[in-house]
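Structure, as structure tokens:
The values are calculated or read from the model by the stated rules, or taken from the named source; none is laboratory data. The shown structure was predicted, so the numbers you read here are calculated from the model rather than taken from an experiment. A quick note on method: Cβ atoms are made from the backbone with ideal geometry, for glycine too, and the neighbour counts reach across all protein chains shown. These accessible areas exclude ligands, DNA and RNA; they are computed on the full protein's heavy atoms, side chains included. Shrake-Rupley method; radii C 1.70, N 1.55, O 1.52, S 1.80 Å.
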Amino acid sequence: MADGNSETKSSNQMWGGRFASGPDAIMEEINASIGFDKKLYGQDIRGSIAHATMLSHQGIISAEDKDKIVHGLNTILSEIESGQFEFSRRLEDIHMNIEARLATLIGPAAGRLHTARSRNDQVALDFRLWVKEELQRTEKALTGLIAAFLDRAEEHAETVMPGFTHLQTAQPVTFGHHCMAYVEMFGRDRSRVRHAIEHMDESPIGAAALAGTGFPIDRHMTASALGFAGPTRNSIDTVSDRDFALEFLSMASITATHLSRLAEEIVIWSTPQFGFIRLSDAFSTGSSIMPQKKNPDAAELVRAKTGRINGSLIALLTVMKGLPLAYSKDMQEDKEQVFDAAESLELAVAAMTGMVRDMTIRTDRMRAAAGSGYSTATDLADWLVREAGLPFRDAHHVTGRAVALAEQKTCDLADLSLEDLQSIHPQITAKVFDVLTVEASVASRTSFGGTAPNEVRKQIAWWRTRN
């Protein structure tokens, strides 16, 4: 007896204090998913109601049992939404929690609900429904962000600012044009959302464990009842597929990358060194020690969320990469990654939409910076090609000499005298000064998709019709 107690004590110490009862406690801990998949309760109940209705329609269960099941499921839905439902870890997951409660409520009829289905196709259905609904919410949120940028772009179609490459002043652009760059980015993100919905718009229910079922079910009926375009076409792929989750995370990662780039610009623009924008107190915080500080914390946190979302994508890709067909328990690790990424993305899009609408644009600082760094040098080179007939490479060389002279005189290109410019190339005339201002530079960029205010307004109008 003493030896046995000693062995038990040693075993418990090996498992650790949290798992004092041994292997069973560890198995319960690693196997239970109710802590996170209870989020799927609404989808699980919807799917079960559609399944029971189809079973009754096909004569597989009686109409009386169907009515009891539907009434019981609606009762459970009310209990969960009112906070009265008690979730149990012993019952592992949302499916078994609901099924156990249904049996308590309606008795033996509850056992007929699981006819012609498995937890494999049931969880695939619940998760797919949740992801589809989340994609629809994401589409709506991105539409709001695009609308915010369209409004700012229209407001600032003529506001001049420096355009950058390598974070160095390159050429003058308008702030409206810069805003429209983000419209294009988030517009592509919204397209990816729509494509993802299209790709995953198939109902898994009826695939059962992996081979389908011998019961005369109508999978098209359940697909239609649940808002899918149709049922999936291969039962093995159905229960082993998580492409819809990976595609959601891929879309989320790309969108988060765009949000992070925007957040970085907001951080830079709000510094005293730039001063292009001013964030309101709603999206800023102060310092605990430096009273003058106003920190762009909301933008910084949006930037950080990208790491979490990218991590979720890599995690699920890694889970799925070595799984044989069909279902494996590894796939239980899919939901937490998607839930976390979805929450992070929703918050980041909402915060960025608020910042875009709320921030103050300091047009004076943008205008002053637009002419710095000899930003109209390309306009001088283009003028030499158009008016003096120089090959562009020669014009580029002449312009470089003009910039060097301006640097020597510590002035802008527009401040050089005609004599200064003619000393570099005799064919330069006084007309060159018409293109050396930032306003003239911006107005001249009339190519399709260019920064000229009229072109910016055309793109805004086009996007308004697509919004």
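Short-range pairs are left out: with C-alpha atoms under 8 Å and at least six residues apart, the relative contact order of segment 119-363 is 23 percent.
Shown are Tyr41, Tyr182, whose ranking by accessible area with a 1.4 Å probe and every protein chain present, most to least, is Tyr41, Tyr182. Look at the alpha carbon pairs under 8 Å that are at least 6 residues apart: their mean separation over the length of the chain gives a relative contact order of 16 percent.
Database remark: amide H of Ser203 closer than 5 angstrom to the amide H of Gly230, Thr232 (H placed geometrically; neighbours at sequence offset of 5 or more, or on other chains; Pro and chain starts carry no H). Beta bridges from DSSP with both residues in segment 119-363: antiparallel share about 80 percent, rounded to the nearest 5.
To the nearest 10, the accessible area of Trp463 is 10 Å² with a 1.4 Å probe. Straight-line reach from Lys329: taking Cα to Cα under 26 Å and skipping same-chain neighbours fewer than 8 places apart, the lysines in range are Lys38, Lys39, Lys132, Lys321. Here is the list for segment 213-285: trypsin sites (Lys or Arg not before Pro) lying in DSSP coil, each with at most 10 other C-beta atoms within 10 angstrom of its C-beta, are Arg233.
For Leu323, the accessible area of its heavy atoms, probed at 1.4 Å with every protein chain present, is near 40 square angstrom.
The order of Glu99, Glu86 by accessible area, most exposed first and with a 1.4 Å probe, is Glu86, Glu99. In the assembled protein chains, His220 presents an accessible area of approximately 130 Å² (probe radius 1.4 Å). The local environment of Asn234, defined by Cβ-Cβ distances under 14 Å, has a net charge of -3 under the rule Lys, Arg +1 and Asp, Glu -1. Taking Cα atoms only, the orientation of helix 392-409 departs from the longest principal axis of the chain by about 70 degrees. For the chain, the longest principal axis of the alpha carbon atoms and the long axis of helix 119-155 meet at an angle near 20°. Calculated mean residue ellipticity, 222 nm, the chain: -20500 deg cm²/dmol, from DSSP H runs (n ≥ 4) at -39500 (n - 2.57) each, averaged per residue and rounded to 500.
Mean separation of Cα pairs under 8 Å and 6+ residues apart, divided by the residue count of segment 150-263: what relative contact order is that in percent? The partial results should precede the final answer.
Details: 118 pairs, mean separation 25.1, N = 114.
Dividing the mean separation by the residue count of segment 150-263 yields 22 percent.
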